[in-house]
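Data first, discussion second: the structure below is written as C-alpha coordinates.
The values are calculated or read from the model by the stated rules, or taken from the named source; none is laboratory data. Computed from a prediction, not measured in an experiment: that's the story for all the values here. Every residue, glycine as well, gets a Cβ built from its backbone with ideal geometry; the counts of neighbours run over all protein chains shown. Please note that ligands, DNA and RNA were not included when accessible areas were found on the heavy atoms of the full protein model with its side chains. Shrake-Rupley method; radii C 1.70, N 1.55, O 1.52, S 1.80 Å.
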Amino acid sequence: MRKMAQSTELTHGMAQRLGYDLAETTRRNPEGQAIAFRAAVMRCTQCRQQEDCKQLQACNDRLDQAPDYCRNTWL
(Lines give C-alpha, C1' and ligand atoms only; values in the text may rest on other atoms or scores of the structure.)
Protein backbone atom coordinates (compact mmCIF):
# COMPACT_ATOMS: atom_id res chain seq x y z
CA MET A 1 0.00 0.00 0.00
CA ARG A 2 2.90 2.36 0.69
CA LYS A 3 4.16 1.99 -2.89
CA MET A 4 0.71 2.92 -4.22
CA ALA A 5 0.54 6.03 -2.02
CA GLN A 6 4.02 7.12 -3.13
CA SER A 7 3.16 6.48 -6.77
CA THR A 8 -0.02 8.53 -6.41
CA GLU A 9 1.96 11.45 -4.97
CA LEU A 10 4.65 11.20 -7.65
CA THR A 11 2.11 10.99 -10.48
CA HIS A 12 0.17 13.98 -9.16
CA GLY A 13 3.38 15.92 -8.57
CA MET A 14 4.70 15.26 -12.06
CA ALA A 15 1.41 16.34 -13.61
CA GLN A 16 1.53 19.60 -11.62
CA ARG A 17 5.13 20.33 -12.57
CA LEU A 18 4.32 19.80 -16.22
CA GLY A 19 1.34 22.15 -16.02
CA TYR A 20 -1.25 19.45 -16.50
CA ASP A 21 -4.42 20.63 -14.72
CA LEU A 22 -5.88 17.47 -13.21
CA ALA A 23 -8.71 19.37 -11.50
CA GLU A 24 -9.91 20.86 -14.79
CA THR A 25 -9.71 17.61 -16.74
CA THR A 26 -11.48 15.82 -13.91
CA ARG A 27 -14.23 18.43 -13.86
CA ARG A 28 -14.78 18.00 -17.62
CA ASN A 29 -14.58 14.21 -17.65
CA PRO A 30 -14.64 12.74 -14.12
CA GLU A 31 -15.02 9.10 -15.08
CA GLY A 32 -12.51 9.14 -17.90
CA GLN A 33 -9.95 11.09 -15.87
CA ALA A 34 -10.31 8.73 -12.92
CA ILE A 35 -9.53 5.79 -15.20
CA ALA A 36 -6.60 7.63 -16.81
CA PHE A 37 -5.13 8.73 -13.46
CA ARG A 38 -5.43 5.24 -12.00
CA ALA A 39 -3.62 3.83 -15.04
CA ALA A 40 -0.87 6.46 -14.66
CA VAL A 41 -0.44 5.59 -10.97
CA MET A 42 -0.25 1.88 -11.80
CA ARG A 43 2.46 2.56 -14.42
CA CYS A 44 4.34 4.60 -11.84
CA THR A 45 4.27 1.73 -9.33
CA GLN A 46 6.34 -0.31 -11.82
CA CYS A 47 9.03 2.37 -12.14
CA ARG A 48 12.42 1.60 -10.64
CA GLN A 49 13.44 5.24 -10.54
CA GLN A 50 10.95 6.62 -8.06
CA GLU A 51 13.72 7.98 -5.83
CA ASP A 52 15.14 9.89 -8.81
CA CYS A 53 11.66 11.22 -9.55
CA LYS A 54 11.17 12.25 -5.93
CA GLN A 55 14.49 14.15 -6.00
CA LEU A 56 13.65 15.77 -9.34
CA GLN A 57 10.32 16.97 -8.02
CA ALA A 58 11.87 18.21 -4.77
CA CYS A 59 14.29 20.39 -6.75
CA ASN A 60 11.86 21.67 -9.41
CA ASP A 61 8.53 23.45 -9.15
CA ARG A 62 8.15 23.35 -12.94
CA LEU A 63 9.39 21.06 -15.69
CA ASP A 64 9.27 21.47 -19.46
CA GLN A 65 9.01 17.72 -19.98
CA ALA A 66 8.92 14.51 -18.03
CA PRO A 67 12.25 12.73 -17.59
CA ASP A 68 13.10 10.00 -20.09
CA TYR A 69 12.54 7.28 -17.49
CA CYS A 70 8.96 8.38 -16.77
CA ARG A 71 6.43 5.73 -17.76
CA ASN A 72 3.69 8.30 -18.14
CA THR A 73 3.17 10.69 -21.02
CA TRP A 74 1.57 14.00 -20.18
CA LEU A 75 -0.03 16.42 -22.62
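Structure notes:
- Our helix-only sum for the chain, with -39,500 (n - 2.57) per DSSP H run of n ≥ 4 divided by its residues, gives a mean residue ellipticity at 222 nm of -20500 deg cm²/dmol.
- Around Leu56: net Lys/Arg minus Asp/Glu count, Cβ-Cβ under 15 Å: -1
- Counting Lys and Arg as +1 and Asp and Glu as -1 over every other residue whose Cβ lies under 15 Å from the Cβ of Pro67, the net charge comes to +2.
- Per-residue extension of 0.36 nm, minus the Cα-Cα distance of Glu51 and Gln65, leaves a gain of 3.3 nm for this segment.
- Each Lys and Arg Cβ is given +1 and each Asp and Glu Cβ -1; about its Cα centre, the chain then shows a dipole of about 280 debye.
- Gyration tensor verdict on the chain (Cα atoms; rounded if a/c is under 1.5, prolate if a/b is larger than b/c, oblate otherwise): oblate
- Applying 1/(1 + (r/R0)^6) with R0 = 30 Å to the Cβ-Cβ distance of Asn29 and Ala5 gives a FRET efficiency near 0.75.
- In terms of accessible area, using a 1.4 Å probe and ignoring ligands and nucleic acids, Leu10, Leu56 rank largest first as Leu56, Leu10.
- Put the Cα centre of region 43-75 next to the Cα centre of region 1-36 and the gap is 13 Å.
- Solvent-accessible area of Lys3, all protein chains in place: 90 Å² (probe radius 1.4 Å, heavy atoms, ligands and nucleic acids excluded).
- Glu51 accessible area, 1.4 Å probe, all protein chains in place, Å² to nearest 10: 110
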